[in-house]
Amino acid sequence: MMNYSYNQPHPIMEELKRFFRSGSALSVFLLINIGIWILIQATKVLLFFFFNPENQVLNNYILHNFAVPASLQTLAGKPWTAFTYMFLHLEFWHLLFNMLWLYWFGKIFTEFLSDRNLVAVYLLGGLAGGLVFILSFNMFPVFEEMVPVSFALGASASVMAIVSAISFYVPQYQIQLLFFGKVRILYLAIILFVFDFFMIPSGNAGGHLAHIGGAVFGFLYTQFYRLSRSGIMDPGYQSFRNRFRSRFSGKKSGYYEPGNTGRPVSDEQYNRNKAEQQRRVDEILDKISKGGYDCLTREEKEFLFKSSNRR
């Protein structure tokens, strides 16, 4: 009789497999960024075999067609670069650090907010970072001579938007850092913002400006999201938004509260109910950030689950 042995899959690898098979927005963004980098590297290898060109030739082609330019005239001819730049990396270490931060903070983000929120923050945060980069290079005299030859690329602005958004949404949330122990993610977000600000004159000014644009957008997104969920926003805007939704969804205007007799409630009552619900959700989230999910009561877990399904 012969005995066969095999190595059990490492738990981390199994977790990564499950993560990428989940089809979540976070896994899709990671796969897109990594896939584009692999495609670029594979193209370099093929070009080497057939044409033996310098890598810089391909890099220049990619920069001029997929990275967002500082020049407004160039951007007008290639408007798609405002989106493509946030998925583009040429250097391995640039990709690695961006993807690690995206994975770490994206996981925290999706603990409290939906995939739809993650998609919005990534894309709009990237656009905000690109906008700050372009406006800064065209407004400040120090960049005047650099405008025609300056480009921005990478997911950093989008990642900073996600870091900032979730850090201000759950400011009490803590992570374990080597040598430092437990640290609130809000402190990390603030440190990164301050670092980018003071590093602007030290090189890669465009990159640091894009990071700042993404971080500011993330902060503003969180504030707007809280207001929209709490019902504190202007009642006129709420009423207009409700009528707009009902018109294009084909449903009658008005709201129906679960468990009632089917009678619609007024906008004011609906907003008060939503504000009370959001207040309780915030209390439960604060409790999770301090003591973890296991510290919740069964009733609190059920309430949080039902609330998340209504989003």
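Net length available on complete extension from residue 39 to residue 195 is 52.9 nm, with 0.36 nm assigned per residue and the Cα-Cα distance removed.
Average projected area of the Cα convex hull of the stretch 60-158, in nm²?
Computing the convex hull of the Cα atoms and averaging its projections yields 6.8 nm².
With R₀ fixed at 35 Å, the C-beta to C-beta distance from residue 31 to residue 178 puts the FRET efficiency at about 0.80.
When you filter the GluC sites (Glu not before Pro) in the stretch 36-121 for DSSP loop state and at most 12 other Cβ atoms inside 10 Å of their Cβ, you are left with 54, 91.
Enumerate by residue number the chymotrypsin sites (Phe, Trp or Tyr not before Pro) in the stretch 26-77 meeting two conditions: DSSP loop (anything except H, G, I, E, B), and at most 11 other Cβ atoms within 10 Å of the site's Cβ. Write down the numbers at each step before the final one.
Values: sites: 29, 37, 48, 49, 50, 51, 61, 66; in loops: 51.
In loop regions of the stretch 26-77 (DSSP not H, G, I, E or B), the sparsely surrounded chymotrypsin sites (Phe, Trp or Tyr not before Pro) are 51.
Packing here is the average count of other Cβ atoms within 10 Å per residue, and on that basis the peptides 166-172, 100-106, 120-126, highest first, run 120-126, 166-172, 100-106.
I need the peptides 206-215, 77-86 ranked by packing, meaning the mean over residues of other C-beta atoms within 10 angstrom, with the highest value on top.
Numbers: 206-215: 26.4, 77-86: 17.0.
Put in order of decreasing packing, that is 206-215, 77-86.
Read-outs: derived from the displayed coordinates by stated rules, not from any lab. Since the structure is predicted, the reported quantities are computational estimates derived from the model, not experimental observations. For neighbour counting, all protein chains shown are included, and Cβ atoms are generated from backbone atoms with ideal geometry for every residue, glycine included.
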